[in-house]
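The values are calculated or read from the model by the stated rules, or taken from the named source; none is laboratory data. Every value quoted in this text rests on a predicted model; they were computed, and no experiment measured them. So basically every Cβ, Gly included, is an ideal-geometry build from the backbone, and we count neighbours across all protein chains shown. Keep in mind that these areas ignore ligands, DNA and RNA; they rest on the heavy atoms of the full protein, side chains included. Shrake-Rupley method; radii C 1.70, N 1.55, O 1.52, S 1.80 Å.
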Amino acid sequence: MSRAALLVLADGRFPAGGHAHSGGAEAAVKAGRITGAASLEEFCRGRLHTSGLVSASLAAAAALGLDPVELDEAADARTPSAALRTAARRLGRQMMRAARATWPHPELDAVARLFPKGAHQPVVLGVAARAAGLGADDAAYCSLYESVSGAATATVRLLSLDPFDATGVLARLAPAMDLVARDAVDAARRAVEDGVDALPAGSAPLLEISAEAHAAWAVRLFAS
Amino acid sequence: MMTSAGVRATARIAATADGRGGTALPVLDGEGPLALRRTRAAGSEARVMLVGAMSGPLGGDHFTVEANAHEGARLHVGSAAATIALPGQAKGPARYDVRLTVADDAELHWLPEQLISACDSELQVRTRAELAAGARLVLREEQVLGRAGEAPGRLTSRLTVRRAGRSLLDQELACGPGAPGGWDGPAVLGGHRAVGQLVVVRPEFVHEMPRAALLGEFAALTPLAGPAVLVTAVAPDARHLRRVLDEAVRALG
């Protein structure tokens, strides 16, 4: 594995379109559920253990070489919100463009052919990690970090939260990210043996409900 | 059967077309705390009521309910009262497994009362519905965190719906003391004490899917990646939650 390749893939400046998404933070700020660093941290903690764990396990499973079509179906079943499925496929398509340009690989080409409108982003992320010579744990960490850093960055813009406070939130979440990354990789390894039903399916009702509301707003700063 | 490890009990229901436009129940077997009653039929539909003969499940108990709607059958299953997960003498969590199958041209309405997670209880619920491509399903699950004014127990509830051999919905909610962090925070439940799901699967949705819709501030209807919709709702209590889910059922017609 290449530690430098991991930094390239995890970098917020990697041109995969993530900056346009708030991970549900924009809707939570508008509803008054995120008002500062403390509630941002609770929000991110909830994301980590639900959709974060699911995404990280999908990314890890894709990095282990599980069938992307089966993983994409598993992602659909674990993403009941139609708005979030649309966002995940759009992000998957952008991740695919960036990854193919960065680490050309026949497996990326194959997934791009199978999903012209985009596969779920974590699945593409996992295949991109493979193409970059990275492992399942790298893919899980990338996915998890992204699932909270996007919300933290968005909250800085939405609430004018002090960026030092937002970074402090991410640092305090690091031990939880380590635990969730381990669970995600364990689940991905079980899925290699037992099939994709072994992947976690954590759900966050408020994220799902507010994603549908957010998608219907006429004016918004973030795509999701 | 009562053991030091808690009570194990299984209830089984099988529904078939009776050949005269109605639905027969060739299997209707309750056990111990899981008693089954056939109630008055409505048209071609057979109605079954799950009647709790004891409280529970308690820690260490393992309950299983199986309902199979065979080709042409129309089955409606409800329960007489809420299920209350309570702490028990036996070690370990209680388990409640629900296994549903619905064949082509069959319909199942699975509409039990709420599951209440009482203080200090620990329960793992696993609901799996396996549907044929031409099956119809209305499934409601409602979880209430604690009895009135009480802290909740630990509850994990996974709901899997498969159709024509593919996963249509796979969701797990974990809440209560000891659940992974953030469960009561602004991404997951945000202080709400009742949470519910309504799944409606209809083959005709292949041609015309209902559109995503908001049902108030804390509930949304969303089309799934197949001929099905899910309504997810959170509410301050069981009564508000039921009102929202009932409205959703009416809206879907």
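Data table
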quantity: Sparse-neighbourhood loop sites, trypsin sites (Lys or Arg not before Pro) in region A:6-100 - DSSP loop, at most 14 other Cβ within 10 angstrom; calculated: A:ARG13
quantity: Å² of accessible area per residue within region A:111-164, as computed with a 1.4 Å probe and no ligands counted; calculated: 39 Å²
quantity: Amide H contacts under 5 Å for A:GLY65, placed H, 5+ residues apart; calculated: none
quantity: Accessible carbon and sulfur surface of chain A relative to its total accessible area, %, 1.4 Å; calculated: 55 percent
quantity: Region B:7-252, accessible area per residue, ligands and nucleic acids excluded (1.4 Å, Å²); calculated: 41 Å²
quantity: Extension gain, B:GLU247 back to B:SER44 (0.36 nm per residue minus Cα-Cα distance, nm); calculated: 70.7 nm
quantity: Karplus (6.51, -1.76, 1.60) ³J(HN,Hα), θ = phi - 60°, over region A:49-60, in Hz, Gly and Pro reported as x; calculated: 7, 10, 5, x, 5, 4, 4, 5, 6, 5, 5, 5
quantity: Accessible surface of region B:7-252, 1.4 Å probe, proportion on carbon and sulfur as whole %; calculated: 49 percent
quantity: FRET E, pair B:VAL27, A:GLU107, Förster distance 51 Å, beta-carbon r, rounded to 0.05; calculated: 0.55
quantity: Drop in accessible area of at least 50 Å² in the complex versus isolated chain, residues of region A:171-209, 1.4 Å probe; calculated: A:ASP197, A:ALA201, A:SER203, A:PRO205, A:LEU206, A:ILE209
quantity: Simple label model, 7 Å out from Cα along Cβ direction - B:VAL51 to B:ALA151, nm; calculated: 3.7 nm
quantity: Dimensionless Rg ratio for region B:7-252, taking C-alpha atoms and the 2.2 N^0.38 Å reference; calculated: 0.99
quantity: Per DSSP, loop GluC sites (Glu not before Pro) in region B:194-248 with at most 13 further Cβ within 10 Å; calculated: B:GLU208, B:GLU217
quantity: Trypsin sites (Lys or Arg not before Pro) lying in DSSP loop within region B:143-233, provided at most 12 other Cβ fall within 10 Å; calculated: B:ARG211
quantity: Interface residues in region A:63-95 - accessible area drops by 10 Å² or more relative to the isolated chain, probe 1.4 Å; calculated: A:GLU73, A:ASP76, A:ALA77, A:ARG78, A:PRO80, A:ALA82, A:ARG85
quantity: Relative pair counts by distance (%), Cα atoms of chain A, 10 Å bins; calculated: 9, 37, 38, 15, 1
quantity: Efficiency of FRET between B:ARG128 and A:ALA10 - r from beta-carbon atoms, R0 25 angstrom, step 0.05; calculated: 0.10
quantity: Simple spin-label estimate for B:ALA81 and A:ASP178 in nanometres, 7 Å along Cα-Cβ; calculated: 4.9 nm
quantity: Interface burial for A against B (accessible surface, 1.4 Å probe, total of both chains, Å², rounded to 100); calculated: 2600 Å²
quantity: FRET efficiency for A:LYS117 and B:HIS207, using Cβ-Cβ distance with R0 set to 30 Å, rounded to 0.05; calculated: 0.90
